[in-house]
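Nothing in this text is a laboratory measurement; each read-out follows from the coordinates by a stated rule. A quick note: this is a predicted structure, and the numbers were derived from the prediction, not measured. All Cβ positions, glycine included, derive from the backbone under ideal geometry; neighbour counts span all protein chains shown.
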Ligand SMILES: Cc1cc2nc3c(=O)[nH]c(=O)nc-3n(C[C@H](O)[C@H](O)[C@H](O)COP(=O)(O)OP(=O)(O)OC[C@H]3O[C@@H](n4cnc5c(N)ncnc54)[C@H](O)[C@@H]3O)c2cc1C
């Protein structure tokens, strides 16, 4: 297993449930947790309610609120991993740099040594490599500059002039998180997001008692969230009948939210997105718009053209003087396994196979790369629901295949090329008629949308529930 986030730990759990016990999880960092270990910026929290944004096999009656903050999610992961004996499988400080198929097993090269593995599960995440755009002069900035996922807790923002570049999911959380502290803030916006009400609430002692005594109540909240998010997923599908009325309702909620949060009509105008609702991730926050409306906050929509020692230069020639620069510019989501040199049968490089965009059957597997499976691989991200559901479906499928290999279906299995091609064609054709094809976003790799799953979660779960062995062939 490569990676000890929700994906890798969940897959390790599934493998053990299937009776596969010789499992090692290689993690480059010094602890488990994945994005929830890395993203410690003020305000970091999940944007899918915790009863659904958690493992189905480790429900938690003790969430302090519906949208839990990062420290609570991280401690849930750590606690669950410890309770289930998964921590013992993890080798931290081991960065995987290469995977080579030697005809019968994978040679796994890491910064701390090499391993042989019958099966490799790459659970490296889609949002684990922070991206800072290539802007002229970025290295000349005189003050502290850091990415939202590499928060500098040693930098005191009190009384400082701060620039936040980007207005995606992280910025929408961190800007309200620091707005009270800073003397002035300039938010550089390339594209305005749709931000709607976050129906957050603190769970009362009564809730906790109910959740503990009657697990069905917690299960009901999980189910209700699931149904709501499925409705949204259906609306994102190109052909769905609920699309128009639901999108119109969400748009009305958004408009009201913007009007309430931002009294100034000129600023409001700048905060209107220029793309159809749903094309980029819909964001949830009750304090984003009020934060932008504060007197000491400025929203700049002019293009950033350069960074200078004292500030940020925009296309209109203005230099915005700041003391601290924060990149809220997201992650290399489409660069799957980009940092690992993966060599399959006949020394074929995965990078070459994916040269014009990553693709994997069911998001899991690629012909010529036997016994190598992805978790949170290509086309398995969601526009509006808990990713953990997708990771669990993948873990269950991988556990079945690993069990099959152990039981003599192997020793090496790979997806048939025609199955892989047909699946990719289906994905691209469905995505081509869907909402995400209408704008540029991090879901896209050139002409292809390589991150997102085009349907509902239920369909994906159904397709992965039982391995279709006819789709796989023996290799070697
Ligand atoms: C700030 C933030 C908020 C989010 N909120 C939500 C949300 O509310 N709802 C939702 O559904 N999703 C959310 N996500 C998406 C999130 O990525 C997934 O929900 C989920 O956590 C992914 O888990 P993962 O294990 O697949 O990946 P990750 O959590 O990214 O874990 C991957 C792990 O692999 C390790 N790794 C990477 N490369 C190597 C290597 N070469 N060798 C060894 N180890 C390696 C990394 O260090 C990391 O620990 C959020 C993401 C971010 C960044």
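Dividing the alpha-carbon radius of gyration of the range 253-326 by the rule-of-thumb value 2.2 N^0.38 Å gives 1.27.
When shorter helices are ignored and each DSSP H run of at least 4 residues is given -39500 (n - 2.57), the per-residue value for the chain at 222 nm works out to -9500 deg cm²/dmol.
Using only the alpha carbons of the range 1-45, what is the convex hull's orientation-averaged projected area in square nanometres?
Details: hull surface 13.8 nm².
Computed as one quarter of the Cα hull surface, the answer is 3.4 nm².
In summary, the range 313-353 shows an alpha-carbon radius of gyration equal to 2.16 times the 2.2 N^0.38 Å reference for compact globular proteins.
Arrange 211, 146 by Cβ neighbour counts within 10 Å, fewest through most, would you? Working shown, then result.
Numbers: 211 21, 146 16.
In order of increasing Cβ crowding within 10 Å: 146, 211.
For the range 115-234, the calculated P(r), taken from all Cα-Cα distances in 10 Å bins from zero up to the bin holding the longest distance, is 9, 25, 25, 23, 16, 2 percent. Taking the 0 to 90 degree range and rounding to the nearest ten, how far is the long axis of helix 243-261 tilted relative to the main principal axis of the chain, both from C-alpha atoms? It works out to around 40 degrees. From least to most packed, judged by other beta carbons within 10 angstrom and beginning with the fewest, 80, 365 follow the order 80, 365.
Put the Cα centre of the range 13-68 next to the Cα centre of the range 339-360 and the gap is 28 Å.
Binning the alpha carbon pair distances of the range 40-197 at 5 angstrom intervals from zero yields the distribution 1, 6, 11, 15, 14, 14, 13, 12, 8, 4, 1, 0, 0, expressed in whole percent. Eigen-decomposition of the gyration tensor built on the alpha-carbon atoms of the range 93-152 gives equivalent ellipsoid semi-axes of 36, 12, 11 angstrom, largest listed first.
Over the range 260-371, the pair-distance histogram of Cα-Cα distances with 10 Å bins from zero comes to 10, 26, 24, 19, 17, 5, 0 percent, rounded to whole numbers.
Ordered by the number of other Cβ atoms lying within 10 Å of each residue's own Cβ, fewest first, 283, 15, 228 fall into the sequence 228, 283, 15. Placing a pseudo-label 7 Å from each Cα along the Cα-to-Cβ vector at residue 437 and residue 223 gives an inter-label distance of 3.7 nm. Computed from Cα positions, the angle between helix 215-236 and the longest principal axis of the chain comes to roughly 80 degrees.
Could you work out the mean projected area of the convex hull around the alpha carbons of the chain, in square nanometres to one decimal? Don't skip to the end; give the middle numbers.
On the way: hull surface 91.4 nm².
Convex hull of Cα atoms, orientation-averaged projection: 22.9 nm².
To the nearest µm²/s, what D does Stokes-Einstein give for the range 396-475 at 25 °C and 0.890 mPa s, using the Kirkwood radius over alpha carbon pairs as Rh?
On the way: Rh = 14.5 Å.
In µm²/s, the coefficient is 169.
Find the Rg to Rh ratio for the range 198-339, where Rh is the Kirkwood radius over alpha-carbon pairs and Rg uses the same atoms. When Rh is taken as the Kirkwood radius, the ratio is 1.06.
Based on the Cα coordinates of the range 344-452, what is the per residue volume of their convex hull in Å³? Write down the numbers at each step before the final one.
On the way: hull volume 10.4 nm³, N = 109.
So the per-residue hull volume is 96 Å³.
Rounded to whole Å and sorted largest first, what semi-axes of the equivalent ellipsoid does the C-alpha gyration tensor of the range 37-133 yield via the square root of 5 times each eigenvalue? Provide the component values of the computation, followed by the final result.
On the way: eigenvalues 196, 64, 29 Å².
Its equivalent ellipsoid spans semi-axes of 31, 18, 12 Å.
Normalised by 2.2 N^0.38 Å, where N is the number of residues, the C-alpha radius of gyration of the range 327-403 stands at 1.18. Within the range 159-226, the ratio Rg/Rh, alpha carbon atoms throughout and Rh by Kirkwood, equals 1.20.
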